[in-house]
Amino acid sequence: MAAHERTQFTLDRITGAALPVLAVAGALVVGALLLLMLGVNPFTAYAALFNGALGNVSGITQTLTKATPLLLVGLGICIAFRGGVINIGGEGQIILGAVSASAFAIGFSHWPGWLLLPLTMLAGTLAGLVWGGIPGWLKARMGVNEILSTVMMNQIALQVMNFLLRGPMLDPAQIAAGTNIPQSAALPEAVWLTRLVPRTLFHSGAILAVILAVAVYFLLWRTTIGYRIRAVGLNAAASRYAGIPVSRYVVLSMALSGAFCGLAGAVEVMGVHHRMIEGMSGGYGFSGIVAALFGKLHPLGAIPASAIFGSLLVGADKMQRSVQVPSSLVVALQGLIVLFVVASDLYVRRRSRRRMEERE
Amino acid sequence: MLNELFTLATLIGILHSGVRLATPYLFAALGETFAQRSGVLNLGVDGMMLMGAFTAFYVAFNGGNLWLAVAAAIGVGCLMGLLMGVVSVTMQAEQGISGIGLYLFGLGLSSLLFKTLIGSVESVSGFPKLALPLLSDLPIIGYIFFDHNVLVYLAYLMVPVTAFVLNRTTFGLSIRAVGHNPEAADSLGVSVNRVRYVTLIIGGGLAGVAGASLSIGLLNVFQENMTNGLGFIAVALVYFGSWRAVGVLGGALLFSLVNALQLWVQVLGIPIPSDIAVMLPYVLTIVVLTLTVRQIQQPAALTKPYERGE
């Protein structure tokens, strides 16, 4: 490689990494214009947002706490996208992961902690695996569009949760008190994840998530299975021709993707809530997609990306409380960031193709 | 109690609600049919509907004429469609993702606007019932089909209009050509990207009306995320209806009838847990998608951005 080409290559990588940052900047500018039109001072709003998320220890630990499920979901989304399938079903997989983990921990609460804790995580992971695997199977065998089936599966999971939390899983204490707030009994303390900073919600699930990010990187780029997942995602027809059982890998990608979302649900109840509650999925199924995209669908890129989006979510709540700017601003910003990121992809693709042609 | 479900009055009630509830699905799914027939999967319908619902509600809430409210909702929906066009057609973005972006944008912006401009849940007087003369006097049929607000009739009118435009006009031919074989359409002088922009804008406008049909027609309130995923169902209905207006009508009716049945089951207090009943339409959609999908031909260029060869 000639010297100028190498410089060009490094430059490309830098601009490639800078694009998501530009996308965020663009979204913030559009957001500021919207706020101005609504008569809100955007500087006050953004200052409150960033201060709330990163200005003190409490903000930072909350950011990392929110980043944990985002990273786990983001990893699942990376696997699905790399395998050429789109998993919109994160919400449902999170919910069922959390429900199954809670039911398992409560049901076997007398088991020793060293056994109960990993099995509880496994219960959540398996639930997500099944809930992701079904749309995968429907796509591979029946040709059902996975985007549509996962959307339906989200609604079904939501109703399953509503049913369980108002019936079989309703906290006996709620029944006794007659309040009937739809939540499960508390999980046995043996499955609570260690709090890393005292008196905050920041728990050891964050460490697990980072370890798994590295593991997913190795899975996708250092194993045959990962190579095949990516091959199917890049070109299903060529993969089939090369003898890869494509439909099996479609199911696998979706199932693995669901497994990570299910684990995210399990970790969320074990680390933060210590019981199954309504609304615990908190839109992570969608925000995780945004974080994964922002991290360029790379498992290691998802680590900083989920921290950034975790801080946005925390900052949004703080902003709403301190300067009364609705936190939904951040949902709109997330949407804009996605639009900017996918739109700017064209620029990256065109340039890399031009470079290829120049080389020939 | 189960036999109460099978009295004539109940059955008529279910059919009446079913016909009425199909309205937002019809507008949104017919709009999406235009986009998908031209080869663009717009997954952001729910976000466009929310913006339409808010806009119509805001105009009506401030004393504006209801038709002005609908027009405003159409305008905002068209703008959202235009945005999708810039990202997915001109910038050739992956459509499954750009749609999610559009959805989140509409979801966030509509609740931001709602919280800053209105603040609390209020109601407006939306379109009143318009019993069609003579037709509504028919026994049973009259009540089921001809005793609704005007947006309901318009939704059903859109079915033949959509079918006509797609199948009997030059513009419809261009749409189908662009969705089926963009290279060939291009070589015949049809601008692929312009057709896709137009269908996305039509889809946006209809999604806007779909939103309005909720906020100033069926429910007469606006709440954050009031569509609750309805726009995603509308996208599914297009597949369900195999990209034809009549198929979409069938899907929308099936979906809304099961929904109406589920509501009546709850009203009558039949001992089926309501959560199980609510999930029925979604299970049904998956089942039907599974059973039908093999026999139908989707637009060949669906989800594939078009780039002219050199």
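The numbers here are math on the coordinates, done by the rules we state, and not lab data. Predicted, not measured: the structure shown is a model, and the values here were computed from it. With ideal geometry, Cβ positions are generated from the backbone for all residues, glycine too; neighbour counts draw on all protein chains shown.
Annotations
- Average beta carbon contacts from partner chains per residue of B:225-232, 10 Å cutoff: 2
- Annotation for residue B:228 and residue A:22: the two label points, set 7 Å from Cα along the Cα-Cβ direction, are 4.3 nm apart.
- Springs join every pair of Cα atoms under 10 Å in this Gaussian network model of chain B, and among B:90, B:290, B:199 the largest mean-square fluctuation is at B:290.
- For a paramagnetic label modelled on residue A:141 (point 7 Å from Cα along Cα→Cβ), amide N atoms under 12 Å away belong, within the range A:216-260, to A:248, A:251.
- Point-charge dipole on Cβ atoms (K/R +1, D/E -1) for chain B, about Cα centre, debye to 20: 480
- The alpha carbon gyration tensor of the range A:225-356 gives principal lengths a ≥ b ≥ c with a/c of 1.5 or higher and a/b no greater than b/c, which makes the shape oblate.
- Among A:22-30, B:280-288, B:233-241, A:68-76, the order from most to least packed when residues are scored by Cβ within 10 Å on average: A:68-76, B:233-241, B:280-288, A:22-30
- Compared with the direct C-alpha span, the chain from residue A:247 to residue A:44 gains 67.9 nm at full extension, assuming 0.36 nm per residue.
- Phi-based couplings in Hz for the range A:38-47 (Karplus 6.51, -1.76, 1.60; Gly and Pro marked x): 8, x, 9, 6, x, 5, 4, 4, 5, 4
- Relative exposure of A:78, B:78, A:261, judged by other C-beta atoms within 10 Å (fewest first): B:78, A:78, A:261
- Amide N of the range A:72-110 lying under 16 Å from the label point, which is placed 7 angstrom from the Cα of residue A:210 along Cα→Cβ: A:72
- Compared with the dominant principal axis of the Cα atoms in chain B, helix B:274-292 is inclined by about 40°.
- For the range A:66-324: rounded, prolate or oblate by the Cα gyration tensor [a/c cutoff 1.5]: prolate
- Inter-probe distance in nm under a simple model that places probes 7 Å from Cα toward Cβ, at residue B:267 and residue B:246: 3.2
- Top of B:70, B:124, B:152 by mean-square fluctuation, Gaussian network on chain B, Cα under 10 Å: B:124
- Shape category assigned to the protein assembly as shown from the gyration tensor of Cα positions, a/c cut at 1.5: rounded
- When its C-alpha radius of gyration is set against 2.2 N^0.38 Å (N residues), the range B:178-235 gives a value of 1.60.
- Of A:228, A:349, A:166, the one that fluctuates the most in a GNM where chain A has Cα springs shorter than 10 Å: A:349
- Annotation: extensible slack from residue A:189 through residue A:227 equals 9.6 nm (criterion: 0.36 nm per residue apart, minus Cα-Cα distance).
- With a 10 Å cut-off around each Cβ of A:319-331, the average count of Cβ atoms from other chains is 4.
- Spin-label pair residue A:51/residue A:173, simplified geometry with 7 Å Cα→Cβ offset, distance in nm: 3.7
- Cut-off under 5 Å, modelled amide H: who pairs with residue B:149 long-range: B:130
- Gain on full stretching of the segment that runs from residue A:218 to residue A:356 - 0.36 nm per residue minus C-alpha separation: 46.9 nm
- Evaluating 6.51 cos²θ - 1.76 cosθ + 1.60 at θ = phi - 60° for every residue in the range B:186-203, the Karplus couplings come out as 4, 5, 8, x, 8, 7, 4, 5, 5, 4, 5, 4, 5, 5, 5, 6, 4, x Hz, glycine and proline recorded as x.
- Hz values of 3J(HN,Hα) by residue in the range A:331-346 - Karplus curve (6.51, -1.76, 1.60), Gly and Pro given as x: 5, 4, 4, 4, x, 4, 4, 4, 4, 5, 5, 5, 5, 6, 4, 4
- Sites residue B:141 and residue B:164, calculated FRET efficiency, Cβ-Cβ separation with R0 22 Å, nearest 0.05: 0.30
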